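Below is one structure; the comments refer to it alone.
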Amino acid sequence: MLLRDITERLKTLTDQNGAPFITEVLTAVDRESVLDTGIVRRDAAFVVPIGEYGNGEFLYTGLDDQKIEVRFGVILAVRAVNDRLGQNVNERLEAMYRAVRRHLIGWTPTANDADPIAFVDGEIIFFGQGGAFWFETYTTSYTETPTE
């Protein structure tokens, strides 16, 4: 499973002392379910599916193979206490998403013999309830071969 591979990869991200860089790494069904969980209690990452897309064409490799693009997101939740404007959370949030990017970009998941992961975009999606949420979009692809 692709999301499991990505989650396990993020769990291996460590700081300079060898401690986990992100306290908690989980999967979720979508962005809204993460935001609806409430207050940010610890720095965390959530891997969420966005969608899978085909271009409607076959690869013509002798089989009816088709390239499938997979988009997934990584939501980063950073705890922010007594920080009304988010001034203190900005540096920690940037350090977190840059570390995640360095850990994912160019890495090849084993699921479905996927292609290397590429970064698409990132944005702040919510600030409040004791934390900030940052959403990154990534893409990879694989070749789907039909059974005979």
(request) Would you be able to say whether some residue in segment 123-140 is over 17 Å from L10 (Cβ atoms) and among the polar types (S, T, N, Q)? (result) yes
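Looking only at segment 134-144, count how many residues are among the charged types (D, E, K, R) and buried (at least 19 other Cβ atoms within 10 Å of the Cβ).
Of segment 134-144, the ones among the charged types (D, E, K, R) are 136, 144.
Subsequent filtering for residues that are buried (at least 19 other Cβ atoms within 10 Å of the Cβ) retains 136.
Adding up the residues that qualify gives 1.
Take the residues of segment 26-43 that are loosely packed, with under 13 Cβ neighbours inside 10 Å and either in a loop (DSSP other than H, G, I, E, B) or among the hydrophobic types (A, V, I, L, M, F, W, C) (or both): which is modelled with the highest pLDDT?
Here is the first cut: in segment 26-43, the ones loosely packed, with under 13 Cβ neighbours inside 10 Å are 29, 32-33, 36, 38-39, 42.
Filter once more, keeping what is either in a loop (DSSP other than H, G, I, E, B) or among the hydrophobic types (A, V, I, L, M, F, W, C) (or both): 29, 36, 38-39, 42.
Values: V29: 92, D36: 85, G38: 66, I39: 70, R42: 85.
If we take residues in segment 26-43 being loosely packed, with under 13 Cβ neighbours inside 10 Å and either in a loop (DSSP other than H, G, I, E, B) or among the hydrophobic types (A, V, I, L, M, F, W, C) (or both), then V29 is modelled with the highest pLDDT.
Considering only segment 99-135, how many residues are aliphatic (A, V, I, L, M), in a strand (DSSP E or B) and either within 12 Å of the chain's Cα centre (by Cα) or within 14 Å of D43 (Cβ to Cβ) (or both)? Steps first, please.
First, pick out the residues of segment 99-135 that are aliphatic (A, V, I, L, M): 99-100, 104-105, 111, 114, 117-118, 120, 124-125, 132.
From what is left, the residues that are in a strand (DSSP E or B) are 118, 120, 124-125, 132.
Restricting the remaining residues to those that are either within 12 Å of the chain's Cα centre (by Cα) or within 14 Å of D43 (Cβ to Cβ) (or both) gives 118, 120, 132.
Summing the residues that are aliphatic (A, V, I, L, M), in a strand (DSSP E or B) and either within 12 Å of the chain's Cα centre (by Cα) or within 14 Å of D43 (Cβ to Cβ) (or both) in segment 99-135 gives 3.
Please state which one of G106, G122, G131 is surrounded by 15 or more Cβ atoms within 10 Å (Cβ to Cβ) and either at positive phi or modelled with pLDDT under 90 (or both). Spell out how you get there, then give the answer.
Details: G106 fails: surrounded by 15 or more Cβ atoms within 10 Å (Cβ to Cβ); G122 fails: either at positive phi or modelled with pLDDT under 90 (or both).
Unique residue meeting the criteria: G131.
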(request) Residue by residue through segment 50-72, note down the ones that are out of contact with any Pro (no Cβ under 7 Å at 6 or more places or on another chain) and either at pLDDT 90 or above or assigned to a strand (DSSP E or B) (or both). (result) I50, G51, E52, Y53, G54, Q66, K67, I68, E69, V70, R71
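Take the conditions outside any loop (DSSP other than H, G, I, E, B) and under 13 Å from the mean Cα position of the chain (by Cα) and apply them to T139. Does it pass?
Yes: the conditions hold for T139.
Considering each of T7, T23 in turn, give the residue that is polar (S, T, N, Q) and surrounded by fewer than 17 Cβ atoms within 10 Å (Cβ to Cβ).
Within the list T7, T23, the selection yields T23.
Counting only residues that are among the hydrophobic types (A, V, I, L, M, F, W, C), in a helix (DSSP H, G or I) and crowded, with 16+ Cβ neighbours inside 10 Å, which one in segment 73-98 is modelled with the highest pLDDT?
Quick first cut of segment 73-98, residues among the hydrophobic types (A, V, I, L, M, F, W, C) only: 74-78, 80-81, 85, 89, 93, 95-96.
Within this subset, residues satisfying the condition of being in a helix (DSSP H, G or I) are 89, 93, 95-96.
Subset that is crowded, with 16+ Cβ neighbours inside 10 Å: 89, 93, 96.
Details: V89: 83, L93: 90, M96: 93.
Checked segment 73-98; the qualifying residue modelled with the highest pLDDT is M96.
The values are calculated or read from the model by the stated rules, or taken from the named source; none is laboratory data. Everything numeric here is computed off the predicted structure, so don't read it as measured data. Virtual Cβ from ideal backbone geometry, glycine too; neighbours counted across all protein chains shown.
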